[in-house]
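Here's the structure, in C-alpha coordinates; my notes come after.
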Amino acid sequence: MNRRIIRTAPVTPGAVPTAAVWTFRERIERAGEHRLWTGTADKGTTPVHYHDNIRYPARPLAWLLHHGTEPVGLVKAGCGVNLCVHGPHLTDDVTRQRERILYALLHGVTLAGPCTAGLHDLAEYGYVRPTGKTECRGCANARRNPTTHHEDQEGALAA
(Lines give C-alpha, C1' and ligand atoms only; values in the text may rest on other atoms or scores of the structure.)
Protein backbone atom coordinates (compact mmCIF):
# COMPACT_ATOMS: atom_id res chain seq x y z
CA MET A 1 0.00 0.00 0.00
CA ASN A 2 1.60 3.24 -1.13
CA ARG A 3 0.28 6.44 0.46
CA ARG A 4 1.43 9.97 0.05
CA ILE A 5 1.62 11.32 3.58
CA ILE A 6 1.26 15.06 3.85
CA ARG A 7 2.30 15.24 7.49
CA THR A 8 2.21 13.53 10.85
CA ALA A 9 -0.40 15.34 12.88
CA PRO A 10 -0.02 16.28 16.53
CA VAL A 11 -2.43 14.51 18.83
CA THR A 12 -3.60 17.31 21.09
CA PRO A 13 -7.05 18.20 22.45
CA GLY A 14 -9.01 19.97 19.71
CA ALA A 15 -6.45 19.21 16.96
CA VAL A 16 -7.92 15.92 15.73
CA PRO A 17 -10.86 16.28 13.30
CA THR A 18 -14.10 14.51 14.24
CA ALA A 19 -14.02 12.53 10.97
CA ALA A 20 -10.59 11.15 11.91
CA VAL A 21 -11.94 10.07 15.30
CA TRP A 22 -14.85 8.20 13.69
CA THR A 23 -12.63 6.42 11.16
CA PHE A 24 -10.24 5.61 14.04
CA ARG A 25 -13.06 3.95 16.00
CA GLU A 26 -14.06 1.87 12.96
CA ARG A 27 -10.62 0.21 13.00
CA ILE A 28 -10.88 -1.14 16.54
CA GLU A 29 -11.97 -4.70 17.24
CA ARG A 30 -13.01 -5.95 20.66
CA ALA A 31 -11.09 -9.03 21.84
CA GLY A 32 -11.95 -9.89 25.42
CA GLU A 33 -10.72 -7.05 27.63
CA HIS A 34 -8.61 -5.60 24.79
CA ARG A 35 -9.42 -3.29 21.89
CA LEU A 36 -7.16 -4.40 19.05
CA TRP A 37 -6.08 -2.13 16.22
CA THR A 38 -7.07 -3.53 12.82
CA GLY A 39 -5.65 -0.65 10.77
CA THR A 40 -2.08 -0.05 9.62
CA ALA A 41 0.80 -0.91 11.94
CA ASP A 42 4.36 0.36 11.43
CA LYS A 43 6.82 -2.53 11.73
CA GLY A 44 3.80 -4.70 12.57
CA THR A 45 3.57 -3.52 16.17
CA THR A 46 2.99 0.25 16.20
CA PRO A 47 -0.63 1.17 15.41
CA VAL A 48 -0.93 4.12 13.02
CA HIS A 49 -4.13 5.78 11.78
CA TYR A 50 -4.25 7.49 8.38
CA HIS A 51 -7.03 9.95 7.58
CA ASP A 52 -7.00 12.30 4.56
CA ASN A 53 -3.29 11.54 3.99
CA ILE A 54 -2.44 12.60 7.52
CA ARG A 55 -0.72 10.17 9.87
CA TYR A 56 -1.97 9.97 13.45
CA PRO A 57 -0.18 7.73 15.96
CA ALA A 58 -3.02 5.47 17.14
CA ARG A 59 -2.04 4.98 20.79
CA PRO A 60 -1.72 8.71 21.60
CA LEU A 61 -5.04 9.24 19.80
CA ALA A 62 -6.66 6.50 21.91
CA TRP A 63 -5.10 8.06 25.03
CA LEU A 64 -6.57 11.44 24.12
CA LEU A 65 -10.02 9.97 23.52
CA HIS A 66 -9.96 8.06 26.82
CA HIS A 67 -8.28 10.56 29.16
CA GLY A 68 -9.11 13.85 27.42
CA THR A 69 -5.52 15.05 27.85
CA GLU A 70 -2.35 14.92 25.81
CA PRO A 71 -0.06 12.04 26.82
CA VAL A 72 3.40 12.76 28.22
CA GLY A 73 6.11 10.99 26.23
CA LEU A 74 5.75 7.60 24.58
CA VAL A 75 2.40 5.79 24.87
CA LYS A 76 2.66 2.02 25.30
CA ALA A 77 0.18 -0.80 25.80
CA GLY A 78 0.67 -1.65 29.47
CA CYS A 79 -1.19 -4.95 29.02
CA GLY A 80 1.60 -6.33 26.82
CA VAL A 81 -0.60 -6.83 23.74
CA ASN A 82 1.18 -5.00 20.90
CA LEU A 83 -1.87 -3.81 18.98
CA CYS A 84 -4.08 -2.99 21.99
CA VAL A 85 -5.39 0.60 21.92
CA HIS A 86 -7.84 0.28 24.82
CA GLY A 87 -7.63 3.50 26.85
CA PRO A 88 -7.34 1.91 30.33
CA HIS A 89 -4.52 -0.34 29.08
CA LEU A 90 -2.37 2.52 27.78
CA THR A 91 0.46 4.09 29.75
CA ASP A 92 2.49 7.23 29.19
CA ASP A 93 5.77 8.24 30.84
CA VAL A 94 4.02 9.74 33.89
CA THR A 95 1.83 6.67 34.41
CA ARG A 96 4.77 4.27 34.14
CA GLN A 97 6.84 6.34 36.58
CA ARG A 98 3.94 6.36 39.05
CA GLU A 99 3.61 2.57 38.69
CA ARG A 100 7.36 2.07 39.29
CA ILE A 101 7.22 4.17 42.45
CA LEU A 102 4.15 2.29 43.71
CA TYR A 103 5.80 -1.06 42.95
CA ALA A 104 8.91 0.02 44.85
CA LEU A 105 6.85 1.19 47.84
CA LEU A 106 4.90 -2.07 47.96
CA HIS A 107 8.15 -4.04 47.94
CA GLY A 108 9.96 -1.86 50.47
CA VAL A 109 12.47 -0.43 48.00
CA THR A 110 13.38 3.25 48.04
CA LEU A 111 13.78 4.94 44.68
CA ALA A 112 15.51 8.09 45.80
CA GLY A 113 18.98 9.52 45.54
CA PRO A 114 21.64 8.83 42.91
CA CYS A 115 22.07 5.54 41.06
CA THR A 116 25.06 3.32 41.85
CA ALA A 117 27.11 5.12 39.16
CA GLY A 118 26.09 8.44 40.69
CA LEU A 119 24.94 9.82 37.33
CA HIS A 120 21.14 9.74 37.57
CA ASP A 121 18.45 10.36 40.15
CA LEU A 122 16.61 7.12 40.92
CA ALA A 123 13.38 9.04 41.48
CA GLU A 124 13.38 9.78 37.75
CA TYR A 125 15.32 6.86 36.21
CA GLY A 126 15.02 4.12 38.81
CA TYR A 127 12.97 0.96 38.58
CA VAL A 128 12.76 -2.30 40.47
CA ARG A 129 13.17 -5.69 38.83
CA PRO A 130 10.88 -8.55 39.95
CA THR A 131 13.91 -9.92 41.83
CA GLY A 132 13.85 -6.78 43.99
CA LYS A 133 17.06 -5.34 42.53
CA THR A 134 17.07 -1.59 41.85
CA GLU A 135 18.23 -0.56 38.39
CA CYS A 136 18.85 2.76 36.60
CA ARG A 137 17.18 3.22 33.21
CA GLY A 138 19.56 6.05 32.30
CA CYS A 139 22.64 3.86 32.76
CA ALA A 140 20.95 0.91 31.00
CA ASN A 141 20.14 3.12 28.01
CA ALA A 142 23.72 4.39 27.88
CA ARG A 143 25.03 0.78 27.88
CA ARG A 144 22.67 -0.21 25.04
CA ASN A 145 23.36 2.91 22.97
CA PRO A 146 27.07 3.80 23.05
CA THR A 147 26.36 7.15 21.33
CA THR A 148 24.46 8.30 24.44
CA HIS A 149 26.70 10.26 26.77
CA HIS A 150 26.23 10.80 30.47
CA GLU A 151 26.23 14.37 31.69
CA ASP A 152 27.43 15.42 35.10
CA GLN A 153 25.72 17.96 37.37
CA GLU A 154 27.04 21.00 35.48
CA GLY A 155 25.96 19.64 32.09
CA ALA A 156 29.46 18.88 30.75
CA LEU A 157 30.11 15.42 29.36
CA ALA A 158 31.44 13.03 31.95
CA ALA A 159 34.73 11.32 31.17
List 54, 101, ordered by accessible area with a 1.4 Å probe, largest first: 101, 54
Accessible solvent surface per residue of the stretch 13-99, calculated while the other protein chains remain in place, 1.4 angstrom probe, Å²: 53 Å²
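The values are calculated or read from the model by the stated rules, or taken from the named source; none is laboratory data. This is a predicted model, so every value here is computed, not measured. Accessible surface is based on the protein model in full, side chains and every heavy atom, while ligands, DNA and RNA are left aside. Shrake-Rupley method; radii C 1.70, N 1.55, O 1.52, S 1.80 Å.
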